[in-house]
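Every number here is computed from the coordinates shown, using simple stated rules; none is lab data. All of these numbers come straight from a predicted model, not from anything done at the bench. Note that we place each Cβ from the backbone using ideal geometry, even for glycine, and neighbour counts take in every protein chain shown.
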Amino acid sequence: MTPMPTTDSWLDEIPQRLQALDEAHLRRRRRATEPAGGALLNVDGREMLAFCSNDYLGLASHPDLVDALCKGARRYGAGAGASPLVSGHSTANEALERELAAFVGLPRALYFYAGYATNIGIVPALVGDGDAIFSDALNHACLIDGARLSRARIHRFAHADLTELEQQLTNSPARRKLVISDAVFSMDGDVADIPALLALCERHDALLLLDDAHGFGVCGPQGRGSLAAVGMSGASASRRVLYMATLGKAAGVAGAFVAGPDDLVEWLLQKTRSYIFATAAPALLACALRCSLRLIEDGDGRRAQLQHRIAQLREGLQPLLARSGWRLGHSDTPIQPLLIGGNVEALAVMEGLRDQGIWVPAIRPPTVPEGTARLRIALSAAHTEADIHRLVLALDRIACAPAIPPTVSHGA
């Protein structure tokens, strides 16, 4: 007998739930993009000056990377075929892991196909039921989700509040304690106090997991990352630190890795489900990444150009901040958050820039806290002095114009 159709299925609620997102100005929209050279991007068929990419060194379209990728495809093919523990761990991936470990000054590295998959996998591999996780309030979603999947007790401390963290560590009866933190925070651009975090971990027998997605390639000598920037790599590396970084931002390709003591990395290889049960990253990507490491190492000129663009933007925005009521976050990194406040207002500024041929998506809750909707201005070595000047002038025009809420608009 054919079952009777239901009239009150929960699936019928989806259109209303989508409408609620629209009413709160929280629906996201994907844009079809294509590189147009330098910092230019074709967005839905229109060429725009983009300030939204995490390609901080401008390497994603570098001809040497493209050539290495093509050579890798000709040698290894397009796909990996299996998980790393079956047949997917190619000689290219093996070589990349050795070079990544040497580059960040840690004993061993494990290469993953994606950054999100790295953190949601390694956190549950390290701790579980009966253990304790201590998480900065502004950590990236992949760290948060990894903590939830672990079933460990989660202690959330106020952003960068080391006093609260120490109290939580002191009061926790758990034998295994894991402190997790971004190194460079993805929406604010500020940097964690890594030496202080490690000191607390030493004092309370905890392990520190650092996500350096936005510091690798940019921070530290020769772009070796946030650990190297504070002198905690190489001979000074601690057995209490696991270092994770992504390879699709400053490195310009894709994937991620975690590095640290040999025994900890071996444990992750044995126990991380997102590594064991997923097809390995294709070897052609490893070929491109090995080339990228050399470009990063020799990229002091790119990093210097990036610092010049950061300083230029921050100086250029000062005159309009007071009269606009907007606030520029405290950041010396390529992530420059311009806090607008409300969702409608942030979307209006985004649309005002789009009308002037500049693409900076608005970031709203739940990605950022309520009341802190913003433009996340992402700078790159590919930006020119003229690009920054154009952005500042465009924002100045918007700040001086009457506020007009957008009719239909979607940010991030």
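Sequence gap at least 6, Cα distance under 8 Å: using those rules, report the relative contact order of the chain to the nearest whole percent.
Across the chain, relative contact order equals 22 percent.
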Percent of Cα-Cα pairs per 10 Å bin, from 0 to the last occupied bin, for region 9-102, please list those. 11, 22, 24, 24, 17, 2
Residues in region 157-179, backbone N under 19 Å from the label point at Asp193 (7 Å along the Cα-to-beta-carbon vector): list them, ranges by number please. 157-171, 179
Calculate, in nm to one decimal, what Ala158 and Ala102 gain on full extension: separation in residues at 0.36 nm each, minus their alpha carbon distance. 16.8 nm
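For region 248-375, what does the convex hull of the Cα positions come to per residue, in cubic angstrom?
Dividing the Cα hull volume of region 248-375 by its residues yields 189 Å³.
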State whether region 225-302 is rounded, prolate or oblate according to the following rule on the C-alpha gyration tensor (a ≥ b ≥ c being the square roots of its eigenvalues): a/c under 1.5 gives rounded; otherwise a/b larger than b/c gives prolate, and the remaining case gives oblate. oblate
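How big is the antiparallel share of DSSP beta bridges in the chain, given as a percent to the nearest 5?
That works out to approximately 55 percent antiparallel.
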Gaussian network model of the chain, springs between alpha carbon atoms under 10 Å - residue of Gly130, Gly217, Gly146 with greatest fluctuation: Gly130
Given labels modelled 7 Å from the Cα in the Cβ direction, how far is it in nm from Arg75 to Arg31? 3.7
With an 8 Å cut-off on Cα pairs and a minimum separation of 6 or more residues, tell me the relative contact order of region 312-398 in percent. 32
For Val241, distant residues with modelled amide H under 5 Å away: Leu208
GNM top mover of Gly215, Gly371, Gly128 - the chain, alpha-carbon springs below 10 Å: Gly371
In region 256-275, which residues have a backbone nitrogen under 19 Å from the label point lying 7 Å from Asp205's Cα in the Cα-to-Cβ direction? 264
Quick check on the exposure proxy: order Ser236, Ser324 from fewest to most C-beta atoms within 10 angstrom. Ser236, Ser324
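What's the exposure ranking of Cys400, Cys287, Cys70, Cys52, going from fewest to most Cβ atoms within 10 Å?
Final ranking by Cβ density, sparse to dense: Cys400, Cys70, Cys52, Cys287.
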Using a Gaussian network model of the chain whose springs link C-alpha atoms within less than 10 Å, name the residue from Asp182, Asp161, Asp298 with the highest mean-square fluctuation. Asp161
Can you divide the C-alpha Rg of region 174-293 by 2.2 N^0.38 Å and report the result to two decimal places? 1.09
Beta bridges per DSSP with both ends in region 63-297, % antiparallel, nearest 5: 35
Just going by the charge dipole of region 63-297, with Lys and Arg at +1 and Asp and Glu at -1 on Cβ, which of Met232, Leu198, Ala278 is farthest out on the positive end? Ala278
Packing-based exposure ordering (other Cβ within 10 Å, fewest first) of Val184, Val230: Val230, Val184
In Å³ per residue, the alpha-carbon convex hull of region 33-152 encloses 184
Nearest 20 debye, what's the magnitude of the dipole of the chain about its Cα centre given +1 on Lys and Arg Cβ and -1 on Asp and Glu Cβ? 440
Cut-off under 5 Å, modelled amide H: who pairs with Met48 long-range: Leu41, Asn42, Val43
Three-way shape label, the chain, alpha-carbon gyration tensor, a/c 1.5: rounded
Using the alpha-carbon centroid of each, what span in Å lies between region 87-134 and region 163-193? 20
Using a simple charge model, +1 on the beta-carbon of Lys and Arg, -1 on the beta-carbon of Asp and Glu, nothing else, what dipole does region 63-297 show about its Cα centre, in debye to the nearest 20? 680
In whole Å, largest first, the alpha carbons of region 63-297 cover along the principal axes 56, 35, 32
Would you calculate the separation in nanometres between label points at Arg294 and Glu94, each defined as 7 Å from the Cα along the Cα-to-beta-carbon direction? 2.1
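Relative contact order for region 63-297: what is it in percent, counting Cα pairs under 8 Å that are at least 6 residues apart?
This gives 32 percent for region 63-297.
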Please report the base-10 log of the normalised intensity I(q)/I(0) for region 143-201, using a Debye sum with one equal scatterer per alpha carbon and no solvent, at each q in 0.15, 0.22, 0.27 (1/Å). -0.47, -1.01, -1.36
